[in-house]
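Chemist: After the structure tokens below, expect a handful of questions from me.
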Amino acid sequence: MNMEKPKINRTLIHIVSRFSNWQAADIETSFRENDIYANQNDWSKFIKTFLMSLGIAFLVSGVIFFFAYNWASLHKFTKLGLVQVLLIAMVGVAVFSKLNKNVKGIILMGAGMLVGALFAVFGQIYQTGANAYDFFFGWTAFIALWVFVSNFGPMWLLFLALINISIWQYFEQVLGRVDEVKILDLLFIINLLYLILLKVLAHFCLLYTSPSPRDRG
């Protein structure tokens, strides 16, 4: 009977070292041999990803501050057009470029944040009178497909944040005075179910996770 060799990870090494006389130097060597410690290449990729994420965040912030500062001097079609052109460009790069999946996911997340900016600009121009929960609920609904298709962790995190804000604003603005403890209990249950869903998707390899150094090997 062919049994698959168990993968050596940090938890397994800690358990073995706790109930054995394994020396600290040997434990450190095992960490390095099994690619548990991040090497120079891993740190380089992390820094590149972090800087790109920071750049996308600054880009979206710049768009928001641009409209805030020049609101009175811009025509309404210019306001909507600028956001839409930038949004389409970012989605196009995320879909049609040959960049790696992490970079595409970061760009698509920036596009997801621009969806909120587009809704905000539209609501300010036409004075839709929408409550805050309408804004966040619409934002959540319109990026839902991107979240499921991209299977990118930060997109799921943005999606969860929008769900929580939408529910909180709905209880505050529509249902009126509701016990905050009950709202927090409901959010806890929703977030727990959300976490279980992600764990199930990751278990069946339906959720994208960054490959380990050994897998990239």
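A short reminder: the numbers here are calculations on the coordinates, not readings from a lab. Computed from a predicted model, the values in this text were never measured in an experiment. Counting neighbours? That spans all protein chains shown, and the Cβs are built from the backbone with ideal geometry, glycine included.
Chemist: With θ set to phi - 60°, apply the Karplus curve 6.51 cos²θ - 1.76 cosθ + 1.60 along the range 133-145 and write out the HN-Hα couplings as whole Hz, x wherever there is a Gly or Pro.
Modeler: For the range 133-145, the Karplus curve yields 5, 5, 4, 6, 5, x, 4, 4, 5, 6, 9, 4, 4 Hz.
Chemist: Quick one: 3J(HN,Hα) in Hz for the range 181-191, Karplus 6.51/-1.76/1.60 with θ = phi - 60°, rounded, Gly and Pro as x.
Modeler: So the J values, rounded to whole Hz, are 5, 5, 5, 5, 4, 5, 5, 4, 5, 5, 5.
Chemist: May I pose another question? Sequence gap at least 6, Cα distance under 8 Å: using those rules, report the relative contact order of the range 62-196 to the nearest whole percent.
Modeler: With pairs under 8 Å counted, the relative contact order is 19 percent.
Chemist: Further question on the same structure: Name the shape class, rounded, prolate or oblate, that the alpha-carbon gyration tensor gives for the range 34-102, where a ≥ b ≥ c are the square roots of its eigenvalues, rounded holds for a/c under 1.5, and otherwise prolate holds if a/b is larger than b/c and oblate otherwise.
Modeler: Oblate is the answer for the range 34-102, as a/c is 1.5 or above yet b/c matches or exceeds a/b.
Chemist: Please state the shape class of the range 49-191: rounded when a/c is under 1.5, otherwise prolate if a/b exceeds b/c and oblate if not, all from the C-alpha gyration tensor.
Modeler: Oblate, since a/c reaches 1.5 and b/c is not below a/b.
Chemist: Give, as a single signed number, the net charge of other residues whose beta carbon lies under 14 Å from the beta carbon of Phe152, with Lys and Arg counted +1 and Asp and Glu -1.
Modeler: Combined, the nearby Lys, Arg, Asp and Glu give +2.
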